[in-house]
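Where a number appears in this text, it was derived from the coordinates with a stated rule and is not lab data. Not measured: the values here are computed from a predicted model. Please note: Cβ atoms are built from the backbone with ideal geometry, for glycine as well, and neighbour counts cover all protein chains shown.
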Amino acid sequence: MQSGAGLFASVVKRMKRPSTKTTTRTKRPNPPCPKCKGTFVRRILPRKGIEQILWRLFVYPFRCQLCLHRYMALQLFRRYKIELGDMREYERLRAQLPISFSGDQCEGTGTTVDLSMKGCWIESEQRVRKGTLLRISLTGPDGRTRVEAKMAAVRWSLGRGFGVEFITMEPDHRERLESIVRTCWECKVREEAQKDAVDSPKPAKAVKVSPPRVTRVVPRPKEKAS
Ligand SMILES: [Zn+2]
């Protein structure tokens, strides 16, 4: 058994150790969302102040990607290397879904490229300017489910594509969107598991080979000369 002081010293020692191995790529799962118990959660950046101090004590902020709940969780001895992708609080999942939109000065149809509970990227023949407010309607992968956002703001516009943030959405439409996002996420998890299986196939079982039997050759006794 380790004494209290000994345990504290070992904790401090491990905290001081520079993080070289653990990154966001480690397979250790993120703590599930305490609100919806979902596991589609994302570790996000800390806010200035107390959260930055807590970060050093292995207490990290997370955002549930389905119910949008933000929470703090202890991940003892897990160190994260901050990467460029961390700037995004909501994970955009690949989703090609038909979408229509209309605003004060524009109207059109297009296809989503990716999707999250907070917004999507749309490719369309219709050019849409940054800052435009739209009413959008997207169709789910089953071809029947309709999700409407009464108000969505165009946050980025680039060539034939533009990114929107959903601002106003009725609760039943939000539920439908949640179901679509969950489907996209499950699809992504399955694909990653398959990819992992291909990249690192299980080593073939070692077959026990028994050594060949060696028969000792006993030299014949020399015949006695008669
Ligand atoms: Zn949740």
- [ ] Consider all pairwise Cα distances in segment 93-174 and report the whole-number % of them above 15 Å.
- [x] 49 percent
TODO: Sort Ser179, Ser100, Ser200 so that the residue with the fewest other Cβ atoms within 10 Å of its own Cβ comes first and the one with the most comes last.
DONE: Ser200, Ser179, Ser100
Task: For segment 21-87, alpha-carbon Rg relative to the globular expectation (2.2 N^0.38 Å, N residues) - done: 1.05
- [ ] Excluding Met117 itself, calculate the net charge of residues whose Cβ lies under 13 Å from the Cβ of Met117, where each Lys or Arg counts +1 and each Asp or Glu counts -1.
- [x] +3
Task: Over segment 37-158: Kirkwood hydrodynamic radius from C-alpha pairwise inverse distances, Å - done: 16.5 Å
Open item on the list: Suppose every Lys and Arg Cβ carries +1 and every Asp and Glu Cβ carries -1, with no other charges. What dipole size does segment 93-174 come out with about its Cα centre, to the nearest 20 debye?
Closed with: 200 debye
TODO: Cross-chain or 8 or more residues apart, Cα under 26 Å: how many lysine pairs in segment 21-87 fit that? Count them up, please.
DONE: 8
